[in-house]
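Novice: This is the structure I have questions about; it appears just below.
The values are calculated or read from the model by the stated rules, or taken from the named source; none is laboratory data. What you are looking at is a predicted structure, and each value in this text was computed from that prediction instead of being measured. Positions of Cβ are backbone-derived with ideal geometry, glycine not excepted, and every protein chain shown enters the neighbour counts.
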Amino acid sequence: MLYLVSYELERPLNDYPELLGFIDQQKPQAHVLENTWLLESSDLPYNMQREIETWLGPRDRIYIGDVSKSIIAWSNIEGEVSDFIGRFTQAVEQDVSHQLLLVAFDGPLDERWNTSSESHKSALGVWQPLLTNLYQIETDASPEKMLSHAREALGGERRILVVDISLAPAAWLHLPEDSAYAAVAYTRQEQGPDRQEF
């Protein structure tokens, strides 16, 4: 399975040798954004989270989500990484009433995002921050439409990744409770009584 692994750490990644070694062991892999990787693993996200948890401090946060069958849209991501996404994902349309998307990007948000884009953000769905550079959105918009909006709101030169995680298993550590639990509740509701728990 292909996993999106995104993190927000108190110290530079090089100060976490076990985490760096874990990332390096997962092959194939692609370093998509400053704090976001795509990693191939046969393990479940919860098992990965439990292993990673032993190396992190109480203020370090991480999100791990299966994107193997996700619809992914991106902007300004290098050709090699773009090719990697195409080779290791098999997009499957999700039959859900609303989508749950992740929007990941490089760099800090500027004042333009905080003010002028509020009306655009609310029109496209409910935005909740998971990490500084990772948001989850419950929306009717496609990943492509969300990417177009994010490019306009964040600036056309920024690297952006939008992923449909509507039914994808995920695990996390130290995320804001309202965001993390909202994602789980949404996913489980859509999966119905025959869902597989992770």
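Novice: Across the stretch 126-140, what is the number of residues that are in contact with a Ser or Thr (Cβ under 9 Å, 6 or more places away or on another chain), part of a loop (DSSP other than H, G, I, E, B) and surrounded by fewer than 19 Cβ atoms within 10 Å (Cβ to Cβ)?
Specialist: Of the residues in that region, 1 qualify.
Novice: Please determine whether any residue of the stretch 75-95 is modelled with pLDDT under 90 and among the hydroxyl-bearing types (Ser, Thr, Tyr).
Specialist: Yes: one or more hits.
Novice: Determine the pairs where a residue that is closer than 15 Å to Leu167 by Cα, located within the stretch 133-151, has a partner that is outside any strand (DSSP E or B) and polar (S, T, N, Q) with Cβ atoms under 7 Å apart, the partner being 6 or more residues away or on another chain.
Specialist: Gln136/Ser179
Novice: Restricting to the stretch 20-48, what's the tally of residues that are hydrophobic (A, V, I, L, M, F, W, C) and under 15 Å from the mean Cα position of the chain (by Cα)?
Specialist: The qualifying residues number 6.
Novice: In the stretch 44-54, how many are touching a helix residue (DSSP H, G or I) at 6+ places or on another chain (Cβ under 8 Å) and over 24 Å from Asp106 (Cβ atoms)?
Specialist: Final tally of qualifying residues: 2.
Novice: Tell me which residues, restricted to the stretch 35-66, are among the small types (Gly, Ala, Ser) and closer than 24 Å to Arg158 by Cα.
Specialist: Gly65
Novice: Oh, and also: Counting just the residues of the stretch 1-23 that are in contact (Cβ under 8 Å) with a residue 60 or more places away in the chain and of a type outside the set (A, V, I, L, M, F, W, C), which one comes out surrounded by the fewest Cβ atoms within 10 Å (Cβ to Cβ)?
Specialist: Glu8
Novice: Would you check which residues across the stretch 32-87 are in a helix (DSSP H, G or I) and closer than 19 Å to Ile160 by Cβ and list them?
Specialist: Gly79, Glu80, Val81, Ser82, Asp83, Phe84, Ile85, Gly86
Novice: Select from the stretch 1-12 the residues that are of a type in the set (A, V, I, L, M, F, W, C) and modelled with pLDDT of 95 or more and list them in ascending order. Let's see the steps before the verdict.
Specialist: Our first condition is that a residue be of a type in the set (A, V, I, L, M, F, W, C); within the stretch 1-12, this holds for 1-2, 4-5, 9.
Scanning the stretch 1-12 gives Leu4, Val5, Leu9.
Novice: Next up: Pull up the stretch 147-162, narrow it to residues that are crowded, with 19+ Cβ neighbours inside 10 Å, at pLDDT 90 or above and over 12 Å from the mean Cα position of the chain (by Cα), then point me to the one that is nearest to Val67 (Cα to Cα).
Specialist: Checking each candidate, the answer is Leu147.
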